[in-house]
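Enquirer: What follows is a single structure, and I will ask about it in a moment.
The values are calculated or read from the model by the stated rules, or taken from the named source; none is laboratory data. Quantities reported herein were computed from a predicted structural model and do not represent experimental measurements. Note: ideal-geometry Cβ built from the backbone for every residue, glycine included; neighbour counts use all protein chains shown.
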Amino acid sequence: MHNLCIHFVLSQPTRLRNYRFFDINSRHDYFDEYQNHYLTNRIADLSYRPLNTLMLELIAQYGNKVAFSFSVAGNTLKMFQEYCPEMIDSFQKLILAGQTEFVGSTFTNSLASLYDKSTFLEQIHHQEGLLKELFGLHPTSFCNTACIYSDEIGEWLHEADYDTVLTEGARHILGWKHPGFLYCNPYNTNQKLVLRNSSLCNDIEFNFQNQSWDQFPLTAEKYLHFIHSCPKKVPLTNLYFDYEMFGETHRKESGIFDFFKAFCELVANSDDIQMITPSQIESLSLPTATMHAPWAISVSGEEKDTSEWLGNELQQEAFNQLFKLTELYTKSDNEKAKRAWLLLQSADHFNYMGSQWISHPSVKRNFDVYPSPYQAFINFMNVLNDVKLQLEKA
Amino acid sequence: MFGWEFPPHIAGGLGTACYGIAKGLTKNGVEVLFVMPKASGDEDQRIAHIVSADQVEVDPRYSTYFNSNQNIAFIEFNSKLIPYIGMHDYYTLIDQLESNVFEEVSSHRRHYSFAGGYGGNLMQEIDYYAAVAEQLAKTQEFDVIHAHDWHTYKAGIIAKKVSGKPLVVHIHATEFDRSCEGQRNDIVMNIEREGMMAADIVCAVSDLTRNIVINNYHIPANKVITLHNAIEPNKKEVIREKNVPEKVVTFLGRVTFQKGPEYFVETARKILEKDDHVRFVLVGDGDMMSGVIERVAELGISDKFHFTGFLRGEEINKMFGMSDVYVMPSVSEPFGISPLEAMQAAVPVVISKQSGVAEVLHYVIKIDFWDTNAMSDAIYGLLHYPVLSEFISKNGFTEINNLKWEYVGAKLLEIYKMLNKH
């Protein structure tokens with residue numbers, strides 16, 4: 001029996017407004033409420049709501065033949081609460097419907113795991129608190145920001161009681177090994193690593209509408225065939241997708257929802273493949289091998305490393321200046337500034353400063369408000385400077 | 001090749017670009033004969049064979065150029081009116097206006113004498129220059145005619161007519177860039193259009209200019225090619241030396257409508273409101289100078305806002321050496337070579353999106369010329385976040401070292417070859 005684990009990642013950044021140098025030390029509203037309100041609703045309409053509805057329908061129809069897992073960043077949940085509360089209801093329904101698993105994540109899609117343990121654990125605790133408050137649940141699996149993982153991060157996660165971790169099947173780490181086996185942390189073999197099959201994910205993410213792809217058009221049967229073409233002994237296929245891929249990257253009109261529905265029905269009706277969620281993998285008692293990740297890996301780009309967020313000097317400077325404030329954060333009791341500091345850790349802010357946008361500014365970036373990485377950096381630093389002043393005051 | 005100026009004696013970017021193009025062509029094995037109105041003798045003859053128009057003997061009796069208009073009678077009178085300059089300049093110039101153009105008559109053959117530059121008798125000199133061009137076209141061996149900016153278009157057209165060789169006109173600036181609506185000079189625009197129409201290929205220094213050529217001069221798009229300028233490597237290293245404790249933000253350019261100096265003043269005001277540890281320097285001169293000075297006084301920021309007037313060569317390098325940020329808020333800039341010079345001196349640069357140079361640069365901050373908020377944010381960011389300005393100046397330096405005239409010359413050679421095939 002082959003096992004299929006489908007996981008959805010949902011995270012929208014809390015966007016900064018155009019925070020001018022005039023505002024430093026005089027105004028402390030950093031976020032663009034209009035944009036955040038508008039964009040959250042827009043993408044909820046395009047993607048989140050239809051996908052949740054589809055999952056609910058599938059669960060209603062096929063019961064335990066289907067299973068899905070998802071992780072939703074805390075700041076995005078907060079934005080749902082504020083700007084589109086029916087999304088919270090939608091998730092509550094999914095959780096009640098069963099056959100789903102809510103996977104743990106950082107609170108603000110944070111890069112804290114690349115800095116140190118305490119800020120990372122702080123993020124995790126915030127997220128756990130929020131999930132408890134909203135849904136009354138405690139996650140047991142973990143999916144870090146962009147699946148960032150290393151041996152060390154694994155250890156920290158073990159300390160936080162997460163022994164199932166979702167990460168990337170990075171080829172430079174795996175070498176010839178197949179991501180469809182179960183792996184574990186070499187220093188703590190109880191910690192299971194569930195690896196994403198990036199080539200199968202790319203077939204949908206990049207090629208679903210790519211007419212020059214030799215396999216175009218992708219059908220449910222063809223995709224199932226791809227999954228079955230892996231070596232016989234491989235027990236797992238793990239597919240992680242961004243929510244936005246459904247409805248935003250590939251619009252409804254492209255047929256992405258119909259494709260996904262047909263695919264799930266096909267899987268539900270077949271006897272040699274079953275859908276599971278990450279926490280169920282433990283019970284399969286599969287043989288495991290160790291995977292040694294001395295440096296952080298992630299789902300990002302071809303490199304599967306952290307260069308998307310820390311690739312150039314601007315990003316590194318912003319990162320260092322931001323996390324230098326850890327101590328101020330712990331001492332301060334200015335809740336508003338503390339919250340802002342957490343939100344500034346979001347990977348998206350660092351992506352906007354990336355060098356890849358310098359030479360290709362014309363590439364349409366999803367919801368990026370900055371004309372160039374320089375302006376992204378300046379705006380971020382202006383906000384950070386004020387947050388610092390606020391944390392110092394209190 | 002026809003061009004109105006050639007280094008070392010230049011008034012603006014045109015001469016620099018002509019030099020670069022000639023040099024780039026020479027590197028690609030093209031022999032360049034560069035005809036300018038009045039050479040001073042210290043031009044670099046290794047780059048191109050420089051012909052001074054005032055040294056060429058012309059017999060107007062056999063000139064098609066002068067005789068093609070036989071049914072029109074020209075009556076010349078010595079007017080001091082100069083096209084396309086404002087009142088302000090007119091009065092300053094009127095004193096200097098000695099008639100520089102005279103003719104040495106020796107039988108019918110004559111040498112025309114040129115003042116060069118852009119003085120009062122410009123239109124007349126343009127005609128004489130064309131007559132010289134005709135003479136050269138009859139006597140010289142060449143494959144392609146290449147004319148830079150409107151002053152030389154008449155020369156280019158007549159040379160094409162006499163020789164039958166293909167004509168390339170090169171647009172470094174148009175009247176649409178130089179002046180605002182209502183102040184544009186029709187005579188100049190007509191010459192520009194005539195030149196572009198007669199040309200086999202029109203080279204524009206940027207996509208921005210290319211669009212102006214297509215949309216405002218109605219030139220068929222398929223013969224307009226964008227050919228971005230490049231920059232000469234700076235041989236002298238700029239020494240970073242400052243004698244004021246404050247940060248220095250510099251504007252360098254003609255103080256005219258086209259260059260947007262008033263936006264620089266507004267930006268200065270906004271930054272000084274928040275941070276008075278900055279000095280602003282405006283380098284250059286032009287017809288908006290008095291207006292700008294008055295505005296600075298009115299805002300009460302004269303203690304932090306300085307005017308240097310027109311600077312050259314060594315002084316410019318010194319100025320760059322003092323600068324922490326260079327700003328070019330041009331309203332309409334066909335290309336704009338000076339940001340490249342600033343980047344060569346490792347000064348981080350803020351330029352307007354309405355400039356052609358923005359099309360080739362990545363390691364600069366681009367803003368809309370009218371958006372003084374964005375401009376002040378960008379400058380403030382560069383002044384306060386050293387990592388940013390280091391990042392930009394370091395990468396920008398590498399970036400412009402790849403903008404070589406040699407590559408421009410190679411592209412131009414391709415165009416020449418294509419023209420000679422037909």
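Enquirer: Can you work out which of the residues in segment A:91-137 that are small (G, A, S) and surrounded by fewer than 20 Cβ atoms within 10 Å (Cβ to Cβ) is farthest from A:M55 (Cα to Cα)?
Expert: We begin by selecting, within segment A:91-137, every residue small (G, A, S); these are A:97-98, A:104-105, A:110, A:112-113, A:118, A:129, A:136.
When the remaining residues are screened for being surrounded by fewer than 20 Cβ atoms within 10 Å (Cβ to Cβ), the result is A:97-98, A:118, A:129, A:136.
Numbers: A:A97: 10, A:G98: 11, A:S118: 36, A:G129: 26, A:G136: 21 Å.
The selected residue is A:S118.
Enquirer: Identify, from the list A:S212, A:S199, A:S229, the residue that is surrounded by fewer than 17 Cβ atoms within 10 Å (Cβ to Cβ), of a type in the set (G, A, S) and under 19 Å from the mean Cα position of the chain (by Cα).
Expert: On the way: A:S212 fails: under 19 Å from the mean Cα position of the chain (by Cα); A:S229 fails: under 19 Å from the mean Cα position of the chain (by Cα).
Being surrounded by fewer than 17 Cβ atoms within 10 Å (Cβ to Cβ), of a type in the set (G, A, S) and under 19 Å from the mean Cα position of the chain (by Cα) holds for just one of A:S212, A:S199, A:S229, which is A:S199.
Enquirer: Over 27 Å from B:S163 (Cα atoms) and either out of contact with any His (no Cβ under 7 Å at 6 or more places or on another chain) or among the acidic types (D, E) (or both): is that true of B:N216 in this structure?
Expert: On the way: over 27 Å from B:S163 (Cα atoms): yes; either out of contact with any His (no Cβ under 7 Å at 6 or more places or on another chain) or among the acidic types (D, E) (or both): yes.
Yes: the conditions hold for B:N216.
Enquirer: Provide a single number: the residues in segment A:294-319 that are assigned to a helix (DSSP H, G or I) and either away from chain B (no Cβ under 14 Å) or over 26 Å from A:F241 (Cβ atoms) (or both). Before you say what the answer is, go through the steps one by one.
Expert: Filtering segment A:294-319 down to residues assigned to a helix (DSSP H, G or I) leaves A:307-310, A:313-319.
Those still in the list that are either away from chain B (no Cβ under 14 Å) or over 26 Å from A:F241 (Cβ atoms) (or both) too: A:307-309, A:313-314, A:316-319.
So the answer is 9.
Enquirer: Please tell me if A:W357 is at pLDDT below 90, crowded, with 18+ Cβ neighbours inside 10 Å and assigned to a helix (DSSP H, G or I).
Expert: Values: at pLDDT below 90: yes; crowded, with 18+ Cβ neighbours inside 10 Å: yes; assigned to a helix (DSSP H, G or I): yes.
When the stated conditions are applied, A:W357 passes them.
Enquirer: Give the number of residues within segment B:353-371 that are under 19 Å from the mean Cα position of the chain (by Cα), part of a loop (DSSP other than H, G, I, E, B) and within 12 Å of chain A (Cβ to nearest Cβ). Can you show your working first?
Expert: Here is the first cut: in segment B:353-371, the residues under 19 Å from the mean Cα position of the chain (by Cα) are B:353-361.
Okay, now just the ones that are also part of a loop (DSSP other than H, G, I, E, B), so B:353-354, B:360-361.
The next check asks that each one be within 12 Å of chain A (Cβ to nearest Cβ); those that pass are B:353, B:360-361.
Summing the residues that are under 19 Å from the mean Cα position of the chain (by Cα), part of a loop (DSSP other than H, G, I, E, B) and within 12 Å of chain A (Cβ to nearest Cβ) in segment B:353-371 gives 3.
Enquirer: It is to be established whether one or more residues within segment A:366-379 are modelled with pLDDT of 95 or more, under 30 Å from A:L195 (Cα atoms) and away from every other protein chain (no Cβ under 14 Å).
Expert: Looking through segment A:366-379, none of the residues is modelled with pLDDT of 95 or more, under 30 Å from A:L195 (Cα atoms) and away from every other protein chain (no Cβ under 14 Å).
Enquirer: Sticking with this one: May I ask you to verify whether A:Q280 is of a type outside the set (D, E), in contact with a Leu (Cβ under 6 Å, 6 or more places away or on another chain), farther than 21 Å from A:D151 by Cα and not in a loop (DSSP other than H, G, I, E, B)? Spell out how you get there, then give the answer.
Expert: On the way: of a type outside the set (D, E): yes; in contact with a Leu (Cβ under 6 Å, 6 or more places away or on another chain): no; farther than 21 Å from A:D151 by Cα: yes; not in a loop (DSSP other than H, G, I, E, B): yes.
No; evaluated as a whole, the condition is false for this residue.
Enquirer: Restricting attention to segment A:45-53, does a residue exist that is in contact with a strand residue (DSSP E or B) (Cβ under 9 Å, 6 or more places away or on another chain), among the small types (G, A, S), part of a helix (DSSP H, G or I) and not assigned by TED's automatic domain parsing to the domain that holds A:V387?
Expert: Taking every residue of segment A:45-53 in turn, at least one turns out to be in contact with a strand residue (DSSP E or B) (Cβ under 9 Å, 6 or more places away or on another chain), among the small types (G, A, S), part of a helix (DSSP H, G or I) and not assigned by TED's automatic domain parsing to the domain that holds A:V387.
Enquirer: Next question. Can you name the residue in segment A:14-30 that is crowded, with 17+ Cβ neighbours inside 10 Å and more than 14 Å from chain B (Cβ to nearest Cβ) and is also nearest to A:E101 (Cα to Cα) among such residues?
Expert: Taking segment A:14-30 first, the residues crowded, with 17+ Cβ neighbours inside 10 Å are A:14-17, A:19-24, A:28, A:30.
Now restrict to residues that are more than 14 Å from chain B (Cβ to nearest Cβ): A:14-15, A:28, A:30.
Working: A:T14: 25, A:R15: 28, A:H28: 37, A:Y30: 34 Å.
Among those residues, the one meeting the criterion is A:T14.
Enquirer: In segment A:146-168, which residues are outside any helix (DSSP H, G or I) and under 12 Å from the mean Cα position of the chain (by Cα)?
Expert: First, pick out the residues of segment A:146-168 that are outside any helix (DSSP H, G or I): A:148-150, A:160-168.
Scanning segment A:146-168 gives A:I148, A:L166, A:T167, A:E168.
Enquirer: Moving on. I'd like the full set of residues that are within 15 Å of B:H148 (Cα to Cα) and more than 18 Å from the chain's Cα centre (by Cα), limited to segment B:1-46.
Expert: Residues satisfying the conditions are B:L25, B:V32, B:L33.
Enquirer: Which one of these is within 14 Å of chain B (Cβ to nearest Cβ) and of a type in the set (A, V, I, L, M): A:L328, A:L322, A:L343? I'd like the intermediate steps shown before the answer.
Expert: Details: A:L328 fails: within 14 Å of chain B (Cβ to nearest Cβ); A:L343 fails: within 14 Å of chain B (Cβ to nearest Cβ).
One residue alone meets the criteria, A:L322.
Enquirer: Please note which strands (runs of 3 or more DSSP E) are completely contained in segment A:172-268 and include at least 2 residues that are in the same structural domain as A:Y62 (by TED's automatic domain parsing) and more than 25 Å from A:L58 (Cβ to Cβ). Spell out the reasoning first.
Expert: Numbers: elements: A:182-185, A:188-196, A:236-242.
The qualifying strands (runs of 3 or more DSSP E) are A:182-185, A:188-196.
Enquirer: In segment B:395-412, how many residues are aromatic (F, W, Y) and either within 11 Å of chain A (Cβ to nearest Cβ) or over 22 Å from the mean Cα position of the chain (by Cα) (or both)?
Expert: Of segment B:395-412, the ones aromatic (F, W, Y) are B:397, B:405, B:407.
Cutting the leftovers down to either within 11 Å of chain A (Cβ to nearest Cβ) or over 22 Å from the mean Cα position of the chain (by Cα) (or both) gives us B:397.
So the answer is 1.
Enquirer: Restricting attention to segment A:35-45, does a residue exist that is surrounded by 17 or more Cβ atoms within 10 Å (Cβ to Cβ) and over 20 Å from the mean Cα position of the chain (by Cα)?
Expert: Within segment A:35-45, not a single residue is surrounded by 17 or more Cβ atoms within 10 Å (Cβ to Cβ) and over 20 Å from the mean Cα position of the chain (by Cα).
Enquirer: Now for a separate question. Tally time: how many residues in segment B:11-29 are surrounded by fewer than 19 Cβ atoms within 10 Å (Cβ to Cβ) and farther than 21 Å from B:I126 by Cβ?
Expert: As a first pass, look at segment B:11-29 and keep what is surrounded by fewer than 19 Cβ atoms within 10 Å (Cβ to Cβ): B:11-12, B:26-29.
Among the residues that remain, those that are also farther than 21 Å from B:I126 by Cβ are: B:26-29.
Count: 4.
For every residue, the table says whether it meets (1) part of a helix (DSSP H, G or I); (2) away from every other protein chain (no Cβ under 12 Å); (3) in contact (Cβ under 8 Å) with a residue 24 or more places away in the chain.
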site: B:H306; (1), (2), (3): no, yes, yes
site: B:M319; (1), (2), (3): yes, yes, yes
site: B:P339; (1), (2), (3): yes, yes, yes
site: B:M343; (1), (2), (3): yes, yes, yes
site: B:N373; (1), (2), (3): yes, no, yes
site: B:I379; (1), (2), (3): yes, no, yes
site: B:S393; (1), (2), (3): yes, no, yes
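Enquirer: In segment B:399-422, which residues are free of Cβ contacts under 8 Å to residues at least 24 places away in the same chain and within 16 Å of B:L340 (Cβ to Cβ)?
Expert: Result: B:N402, single match.
Enquirer: Condition test on A:F107, is it modelled with pLDDT of 95 or more, assigned to a strand (DSSP E or B) and on the phi < 0 side of the Ramachandran plot?
Expert: On the way: modelled with pLDDT of 95 or more: yes; assigned to a strand (DSSP E or B): no; on the phi < 0 side of the Ramachandran plot: yes.
No: the conditions fail for A:F107.
Enquirer: Determine if segment A:90-102 includes at least one residue that is farther than 23 Å from A:F323 by Cα, assigned by TED's automatic domain parsing to the domain that holds A:F263, without any contact (Cβ under 8 Å) to a residue 12 or more places away in the chain and out of contact with any Gly (no Cβ under 6 Å at 6 or more places or on another chain). Spell out the reasoning first.
Expert: Here is the first cut: in segment A:90-102, the ones farther than 23 Å from A:F323 by Cα are A:90-102.
From what's left, assigned by TED's automatic domain parsing to the domain that holds A:F263: A:90-102.
Next, only the ones that are without any contact (Cβ under 8 Å) to a residue 12 or more places away in the chain stay: A:96.
Adding the requirement that they be out of contact with any Gly (no Cβ under 6 Å at 6 or more places or on another chain) leaves A:96.
Yes: one or more hits.
Enquirer: Report yes if some residue within segment B:308-318 is among the polar types (S, T, N, Q) and under 27 Å from A:A376 (Cβ atoms); otherwise report no. Spell out the reasoning first.
Expert: Within segment B:308-318, the first condition is being among the polar types (S, T, N, Q), and the residues that meet it are B:308, B:317.
Going one step further and asking which of them are under 27 Å from A:A376 (Cβ atoms), we end up with none.
No, the conditions are met nowhere in segment B:308-318.
Enquirer: Restricting attention to segment B:277-298, does a residue exist that is crowded, with 18+ Cβ neighbours inside 10 Å, within 14 Å of chain A (Cβ to nearest Cβ), in contact (Cβ under 8 Å) with a residue 60 or more places away in the chain and on the phi < 0 side of the Ramachandran plot?
Expert: Yes, segment B:277-298 has at least one match.
Enquirer: Can you confirm whether B:V387 is at pLDDT below 95 and within 14 Å of another protein chain (Cβ to nearest Cβ)?
Expert: Working: at pLDDT below 95: no; within 14 Å of another protein chain (Cβ to nearest Cβ): yes.
Considered against the rule, which asks whether it is at pLDDT below 95 and within 14 Å of another protein chain (Cβ to nearest Cβ), B:V387 comes out as no.
Enquirer: Taking the criterion of being more than 19 Å from the chain's Cα centre (by Cα), surrounded by fewer than 20 Cβ atoms within 10 Å (Cβ to Cβ) and within 14 Å of chain B (Cβ to nearest Cβ), would at least one residue in segment A:69-85 satisfy it?
Expert: No, segment A:69-85 has no match at all.
Enquirer: From B:R210, B:R178, B:R240, grab the single residue that is at pLDDT 90 or above and closer than 30 Å to B:N401 by Cα. If you could, list the steps in order and put the result at the bottom.
Expert: Values: B:R178 fails: at pLDDT 90 or above; B:R240 fails: at pLDDT 90 or above.
Sole residue among the options that is at pLDDT 90 or above and closer than 30 Å to B:N401 by Cα: B:R210.
Enquirer: Same structure, new question: Looking at segment A:308-326, can you tell me whether even one residue there is over 30 Å from A:N190 (Cα atoms) and among the basic types (K, R)?
Expert: Within segment A:308-326, one or more residues are over 30 Å from A:N190 (Cα atoms) and among the basic types (K, R).
Enquirer: A follow-up question, please. Check A:Q280 against each of (1) within 21 Å of the chain's Cα centre (by Cα); (2) surrounded by 15 or more Cβ atoms within 10 Å (Cβ to Cβ); (3) outside the structural domain of A:P235 (by TED's automatic domain parsing) and name the one condition it does not meet.
Expert: So A:Q280 meets the others, but not (3).
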